[in-house]
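Nothing in this text is a laboratory measurement; each read-out follows from the coordinates by a stated rule. Every value quoted in this text rests on a predicted model; they were computed, and no experiment measured them. Glycine gets a Cβ as well: all are built from the backbone with ideal geometry, and neighbour counts include every protein chain shown.
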Amino acid sequence: MFDSLSLQQAISQFHFIRPLWLLVLVPMGLLFWLRWREANQPGWQEVLPKHLRQVLTIGEKGWSKQLPLKLLMVIIAIAILICAGPTWQRQASPFGEDKASLLVLLDSSESMLQQDLPPSRLERGKQKVRDLLELRQGGSTGLVVYAGSAHVAMPMTQDTKVFEPILAAISPDIMPEEGKFAEKTLPLIEQLLQGRPGSTVLLVSDGANPNTIAAFNVFFSDKPYQLMILGAGNRDVVSSAPADFASLRQLASEVGGRFIEITVDNSDVERLNRTVERNMQLNGESSMPWQDMGYQLLLPIALAMLLWFRKGWLVQWCVVLSLTGTLLAAPAVNAETIIASKAQTAEPVEQVTIWDKTVQWWWDLWLTPDQQGQRLFNQGQYLEAAKHFVDPLRKGTAYYYASEYKQAHRVFLQMDTDFGLYNAASALAREREYLAARDLLRSLAEKDALSAELRPSVEHNLKVISGIVDEINRTSESQAGTTDGPEESFELSDDKPRTAEGADEQTAAELMIKETLNANEILGSNELADKWLKRVEADPKYFLRAKFQIQRNQSNQSKEGGELQQ
């Protein structure tokens, strides 16, 4: 099945295995010209006037004149092409280790929890990765997850069974940093694929920022990897954080890759698998010989030669062509897989109507997305404006004004600037995430390179939020041990806002193991190691969270060491 990418690759790889056979076309053309010239020599017909010649002569006229000769020359030309051996792909290797290498980059940011693609974008993306692993026969596969930082969840391996518990444990709450920075996966791509030609990088995400597009464009410009993008989201369902497929298509276009949107059936996975294997066949370092594609032309030549000697062969040939064309034009019948499952209890989603699409199409004719967002923002429709804005600052501001502080925090982090972090801290404070806001502002205040214009605002907000945290801590300590009072709003679980540290409590020893322990501390104590392993066995999330935290700490230490050496 050919598509635009396959056609482009076939054209770039097309060549002849035995090109010297093409020299035979020269004498063949000379013989054809001599025979044509001899048959068109003026005879007695030229003596008659044109009006009498048309009435008195019978036989072939016009395009059908010397049709057997013309068809014979075409058959000989095709036979010469067959002998030359046209090809555009290598033969498939029978060994699994020669199959394509695939590295999956899975977006684990907060926006992937949107339910416009039930049960969520992240769960549907993980399901597609499982289906792709099941469809692939052999070949190495790796997994990298990213949000505000990027981490190797599974190195390159041919054992696809080990992916299931890892995929099931991936969620935004195991990531050490929030955000959506796919460009931080680029060093890991080179580390895992190691420049192997014919390898494919599959990005599963719901959007990309301009910095990501620029970084990917530079990285893939001189790398032998193919980029595939699987878009997670549903454009026909209204969402508070719509999937940004336009940015993903732009990324695929600039890098020379391909964008595929997630479908309800298995067609997207099948297209991915075909493209991955075809890229390996065309660009991989394979010792397999080139596949001779000319043998497929032998069948029409054989049919033509069989009918050549028959009386009235021209008429029979037309009948054969008519029947063959009818058979080839028969509509293909495709089976559709329908999966029946129990209805899941989920929030009702608002569908995008045809009228909405028509109105959006009209505005797209005259205004850019940012202009449309600004128009809605001026009208006070902040949430709708945020869905149209492309610029992270404008989008985050619109979410902030719409009181969607969690979405605003997520978008401000994509700016990857001090001003973006300052705004993200403000959004955290609005969510009553005072601890996270204080820590973020504190890290900004400790920066020597912080601009003079921004520093007074950062220090002022840090002072205010620190005072709020201290006041909550004093209130929590004064009411510790009682069953009533406001401390119940302070002793919150991980999925609720953390307003302050709270009062000291006596806890069980099993709960004292924190993810901040490094590998040396865990391995140096048998007791800690046993408790940590018990938690890993109970839920792989503990393992991945600790692993990613250790990787983050090591990365920060290496950066600090490099700065000190400089």
Compute the Rg to Rh ratio over the range 419-477 from the alpha carbon atoms, using the Kirkwood formula for Rh, and round to two decimal places. 1.00
Counting only DSSP loop positions in the range 369-429, the trypsin sites (Lys or Arg not before Pro) whose Cβ has at most 13 other Cβ atoms within 10 Å are none
Cα atoms only, the range 96-283: Rg and Dmax in Å? 15.0, 44
Per-residue counts of other Cβ atoms within 10 Å, averaged by peptide: what ranking do you get for 222-229, 377-384, highest first? 222-229, 377-384
Placing one identical point scatterer on every Cα of the range 211-260 and ignoring solvent, what is log10 I(q)/I(0) from the Debye formula at q = 0.15, 0.27 Å⁻¹? -0.43, -1.00
Which ³J(HN,Hα) values in Hz, rounded to whole numbers, follow from the phi angles of the range 239-253 under the Karplus curve 6.51 cos²θ - 1.76 cosθ + 1.60, where θ = phi - 60° and Gly and Pro get x? 9, 5, 10, x, 5, 9, 6, 4, 5, 5, 5, 4, 4, 5, 5
The exposure ranking of 166, 213, fewest beta-carbon neighbours within 10 Å first, is 166, 213
Principal axes of the range 165-261: Cα extent on each, largest first, Å: 40, 31, 23
If you project the alpha carbons of the range 105-172 onto their three principal axes, what span does each projection cover, largest first, in Å? 33, 25, 16
Percent of Cα pairs exceeding the 24 Å cut-off, where the set is the range 367-480: 34 percent
Return the long-range amide H neighbours of residue 233 (sequence gap of 5 or more, or a different chain), with a cut-off of under 5 Å between placed amide H atoms. 262
For the pair residue 453/residue 28, report the inter-label distance in nm, with labels modelled 7 Å from Cα in the Cβ direction. 7.3 nm
